[in-house]
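A quick write-up on the structure given underneath.
Please treat every number below as a calculation from the coordinates, not as lab data. Quantities reported herein were computed from a predicted structural model and do not represent experimental measurements. Because the Cβ atoms are built from the backbone with ideal geometry, glycine has one as well, and the counts that use them run over all protein chains shown.
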Amino acid sequence: MDPQREPGRDKLEGGELHVNHGKAWRWFENFWYHYKWHTIFAAIIVFTVLFCTLSMCRRKEPDYYFYYVGPGEFTSSQQRAIINSLGEKSGEDGRDATLSISFLFLMTNDQIARFGEEHADDGLTVSGAQIMQNRDLLSDEIMTGNAIIFFMDPEVLAETQESSGAFLEIRPFAPEGTPDEAFSGEYGIKLNYTVFASDPAFAAFPEGTVIAIRNGVSALTLFQRDKALENRARYEALLKRWLLTE
């Protein structure tokens, strides 16, 4: 034994062991030391974006899009019942259709004036700002939206048709022998002349509510006219099924 070596010196003391790593490893150590948190945050963002993108790709588009436009207001339970009923009556081959429906509160100027007279003593008023905003939403939907079939207040339908010319005449879709009183003007057919006539869910709609079908073709679909017409044909066939009542 070397007399100069102390007992226990056979083991290397801390700091005496050195491992030489390659350049790549040294670069990574340096990078991680300076940019660790930046890298973690970036990875979280990339993962979130990727997850959301994959979720959207997997999400199935609804079979149909619908709109209600008028002075009616609906509770959450009423909306769910309407959606369920629409799904049942819109599906084919024994399955329910998937759908999206938007409920848009809207009144004509005449309706607003009448409402003000009726509620002059209790102070109830209609929000003009909300009406203007919802008119813009309806205009946008007519120009660029997905909905082709609309459930509408007849006065709102007449006003909308006068300003936009967006809806098709409804009579060609009705079965032969449908009485004149079933129609509201040239563009709407009353709910009580459809498969929804005795549907409890549709009792939530204001009396006189009609169904109208939008043209679905505009200057914005000029380069996709064939696709727009094909899509409208699906809704036309659906409307005819709804109107085939006993």
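Summary of computed values
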read-out: Rounded, prolate or oblate (a/c below 1.5 giving rounded, otherwise prolate when a/b exceeds b/c) for segment 158-205 by Cα gyration tensor; value: oblate
read-out: Whether segment 68-192 is rounded, prolate or oblate, judged on the alpha carbon gyration tensor where a/c under 1.5 counts as rounded; value: prolate
read-out: Placed amide H near Gly188: partners under 5 Å, 5+ positions off or other chain; value: Ile170
read-out: R0 of 35 Å, Cβ-Cβ distance Glu117-Asn84: FRET efficiency to nearest 0.05; value: 0.40
read-out: For segment 150-166, Karplus couplings with θ = phi - 60° (6.51, -1.76, 1.60), whole Hz, Gly/Pro x; value: 10, 9, 9, 5, x, 5, 5, 4, 4, 5, 5, 5, 4, 8, 10, x, 8
read-out: Overall Cα dimensions of segment 120-246 - principal axes, largest extent first, Å; value: 51, 41, 24
read-out: Rounded FRET efficiency, nearest 0.05, which uses the C-beta distance separating Thr144 from Asp226 and R0 of 30 Å; value: 0.95
